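Here is the structure we will look at, set down as structure tokens.
Derivation of every value follows stated rules applied to the coordinates shown; laboratory data play no part. Every value quoted in this text rests on a predicted model; they were computed, and no experiment measured them. We place every Cβ from the backbone using ideal geometry, glycine too, and count neighbours over all the protein chains shown.
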Amino acid sequence: MHRKTDNPAKNALRGALLLGLFALITTAVVAATYQLTREKIAENERLAVLRGLHELISPSLHDNDLVQDVIYVTDPELLGDDEAKPIYRARKNGQPVAVIITTTAPDGYGGAIKLLVAIDHGGRILGVRAVSHKETPGLGDAIEVEKSDWILRFTAKSLDDPPEKQWKVKRDGGVFDQFTGATITPRAVVKAVKRALIYYREHREELFDTPSQPPVEDDT
Amino acid sequence: MSELRDIARTGLWENNPALVQLLGLCPLLAVSGTVTNALGLGLATTFVMVGANLTVSLIRDQIRDELRIPVYVLVIASLVTAVELLMHAYRHDLYKVLGIFIPLIVTNCAIIARVESFAAKNRPLPAAWDGLMMGLGFTAVLVLLGAMREALGQGTLLSRLDLLLGPAFRDLEIVLAEDYRGFLLAILPPGAFFGLALLVAAKNVIDQRRARRTRETAPQGDVAEAPSSL
């Protein structure tokens with residue numbers, strides 16, 4: 001446009017320098033914003049996790065830092081997929097109280113359903129929550145605690161009550177209700193919760209004894 | 001000042017990015033499920049539009065023609081990243097809900113269209129004003145669509161507004177129908193298309209009515225139909 005000389009090499013150089021300058025300035029803006037918000041974002045993430053965990057294990061039950069007292073485990077068979085999953089441990093006066101297992105129901109109607117399953121030391125469920133899912137709005141999304149109380153019915157259940165064989169939806173001969181118009185979603189959730197209980201039964205001692213691990217670096 | 005008024009009319013109505021230019025439909029259709037989501041994304045987009053228009057207008061004499069697109073992309077992308085970080089820091093829950101659609105503001109062609117066709121040729125004040133008006137026009141359509149879908153889909157209005165404006169606004173939710181089972185189609189993507197179609201149709205009806213009225217009051221003048229370009 002302007003200040004254009006007849007020398008193409010000079011023009012190209014000037015353009016490259018100009019573009020480089022803009023790249024520097026815009027990168028500086030992003031970097032400054034990042035510095036400004038980094039701590040706040042990390043704190044938000046921590047609080048969000050903690051809020052989710054405290055819905056399942058009331059703060060009075062434990063005296064340790066749930067977010068820090070965590071190990072990462074991988075068990076494609078019992079925890080749904082081959083991702084490393086955080087397991088949070090709750091303790092009081094150093095004694096194990098409960099764990100919160102992150103698990104996946106891989107066979108939801110709209111894909112994987114991520115769940116938190118809180119289990120007390122004796123193997124009874126303290127609570128289950130769906131963390132993320134892609135189930136049909138108005139049908140399968142009744143697994144959200146905001147939409148219906150269905151997910152609360154797992155509370156106080158264990159592998160003895162109901163008996164392991166009856167950990168199914170009613171249509172499959174079990175004890176858990178399905179939804180009107182949606183069986184696949186509750187079936188997937190029931191199966192995943194049952195597998196989480198089995199995982200807990202098989203690994204109980206090591207789950208509490210393994211020292212905490214630093215969080216896996218999030219590379220997004 | 002009439003220049004600014006013209007810009008406002010163009011952005012909000014005559015050349016509304018969502019209803020007339022039909023730009024930025026991906027986020028428009030995807031996050032218009034509730035008023036809160038719609039307003040959140042609309043305001044974020046508006047902020048980026050104002051910032052991008054203002055920045056480009058300020059540097060418009062420095063940018064050479066062949067370099068303008070990469071510079072615009074740099075400006076828009078860094079603004080969007082900044083907005084994303086700020087939202088993550090100060091509106092964490094809303095950030096979670098809007099998810100991928102915040103970084104996708106980069107791909108909203110309405111923004112680069114305004115930068116290219118307006119900000120690159122105008123002084124900073126009108127450019128920023130144009131960004132604001134275009135952004136608000138976009139936001140208005142998003143919110144209207146969000147209201148239609150939320151009311152039909154789940155029988156409420158303004159639910160979870162606290163995600164956007166803070167805990168003081170938690171109780172603003174209006175329940176239109178108790179025990180409403182929800183109209184699934186309105187929440188699903190087709191509902192967004194139907195809703196947008198109705199809004200575009202409504203705008204065209206209003207425009208035609210208005211054109212007819214002007215023709216009746218001033219029979220001599222030749223009033224052209226408002227062109228609705230795509």
For the range A:9-54: rounded, prolate or oblate by the Cα gyration tensor [a/c cutoff 1.5]: prolate
All-pairs alpha carbon distance profile, the range B:72-193, 5 Å steps from 0, percent: 2, 10, 13, 18, 19, 16, 11, 7, 3, 1, 0
Charge-dipole axis of the protein assembly as shown as Lys and Arg at +1 and Asp and Glu at -1 on Cβ define it, positive-most pick from B:147, A:57, B:204: B:204
GluC sites (Glu not before Pro) restricted to the range A:111-195 and DSSP loop, no more than 12 other C-beta within 10 Å: A:146
Built amide H within the under 5 Å cut-off of residue A:73, gap 5+: A:85, A:87
Top of B:205, B:141, B:50 by mean-square fluctuation, Gaussian network on chain B, Cα under 10 Å: B:205
Positive dipole terminus of the range B:6-126, leading residue within B:48, B:73, B:38 (C-beta point charges): B:48
Anisotropy class of the range A:74-156 from Cα gyration tensor, a/c 1.5 cut: oblate
Where chymotrypsin sites (Phe, Trp or Tyr not before Pro) fall in DSSP loop in the range B:166-198, at most 16 other Cβ within 10 Å: B:180, B:183
Isotropic mean projected area of the C-alpha convex hull, the range A:93-220 (nm²): 9.2 nm²
Spin-label model distance (nm) - residue A:34 vs residue B:207, 7 Å beyond Cα toward Cβ: 4.4 nm
Global size of the protein assembly as shown as Cα Rg and Dmax, reported in angstrom: 27.2, 91
Estimated FRET transfer efficiency (residue B:176, residue B:93; beta-carbon r; R0 30 Å; 0.05): 0.80
Backbone HN-Hα couplings from phi across the range A:81-89 [Karplus 6.51/-1.76/1.60, Hz, Gly and Pro as x]: 8, 8, 7, 6, 10, x, 10, 8, 10
Amide H contacts under 5 Å for residue A:97, placed H, 5+ residues apart: A:90, A:91, A:92
Fluctuation leader among A:70, A:29, A:99 - chain A, Gaussian network, Cα springs under 10 angstrom: A:29
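Find the relative contact order for chain B and round it to a whole percent, using C-alpha pairs within less than 8 Å whose residues are 6+ positions apart.
31 percent
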Derived scalar couplings ³J(HN,Hα) [the range A:98-104; Karplus, 6.51 cos²θ - 1.76 cosθ + 1.60; whole Hz; x for Gly, Pro]: 6, 10, 10, 9, 8, 9, 10
Whole-number Å³ per residue for the convex hull built on Cα positions in the range B:2-212: 132 Å³
Rounded D (µm²/s) - the range A:12-89, Kirkwood Rh over Cα pairs, Stokes-Einstein at 37 °C, 0.692 mPa s: 198 µm²/s
Most mobile of B:57, B:117, B:78 in a GNM of chain B (Cα contacts under 10 Å): B:117
Whole-Hz couplings from phi, Karplus 6.51/-1.76/1.60, listed for the range B:29-38; x for Gly and Pro: 7, 7, 10, 8, x, 9, 4, 4, 4, 4
Under 17 Å from residue A:165, Cα to Cα: lysines that are on another chain or at least 8 residues apart: A:157, A:191, A:194
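Between rounded, prolate and oblate, where does the range A:135-188 land on the alpha carbon gyration tensor, with a ≥ b ≥ c its root eigenvalues, rounded for a/c under 1.5, else prolate if a/b exceeds b/c?
oblate
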Rotationally averaged projected area of chain A (alpha carbon convex hull; nm²): 18.3 nm²
